[in-house]
1. Find the residue count for the range 35-91, including only residues that are on the phi > 0 side of the Ramachandran plot, out of contact with any strand residue (DSSP E or B) (no Cβ under 8 Å at 6 or more places or on another chain) and assigned to a loop (DSSP other than H, G, I, E, B).
2. Give all pairs with beta carbons closer than 9 Å in which a residue from the range 41-65 that is free of Cβ contacts under 8 Å to residues at least 40 places away in the same chain meets a residue that is in a loop (DSSP other than H, G, I, E, B); count only pairs at least 6 apart in sequence or on separate chains.
3. Here is a list: 63, 54. Which entry is farther than 24 Å from residue 96 by Cβ and at pLDDT 70 or above?
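The values are calculated or read from the model by the stated rules, or taken from the named source; none is laboratory data. Since this is a predicted model, take the numbers as computed values, not measurements. Glycine also receives a Cβ, built like all others from the backbone with ideal geometry; neighbour counts cover every protein chain displayed.
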């Protein structure tokens with residue numbers, strides 16, 4: 001009887017966590033608009049080169065202006081697109097703003 005109660009509590013916790021993740025994504029403005037164009041990049045399978053020397057950390061830059069809109073609202077001169085990276089380990093798709 002105790003295992004059933006614990007399993008029910010665990011299932012309820014997973015359900016609440018899943019629901020809160022969905023609601024957070026909606027609240028943060030993750031839109032439902034699909035990209036208007038897809039760009040595919042084929043990444044070659046070459047040898048890894050040696051690591052370069054570490055450089056010093058740069059100064060902290062000024063804060064940028066507050067953003068507006070959701071993920072699919074791009075700045076002037078760019079468009080919301082799907083970028084597909086074909087890499088040796090598999091294919092990755094990124095939805096992002098692309099200039100030009």
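1. Adding up the residues that qualify gives 1.
2. Between residues of the range 41-65 that are free of Cβ contacts under 8 Å to residues at least 40 places away in the same chain and residues that are in a loop (DSSP other than H, G, I, E, B), the close pairs are 44/88.
3. 54
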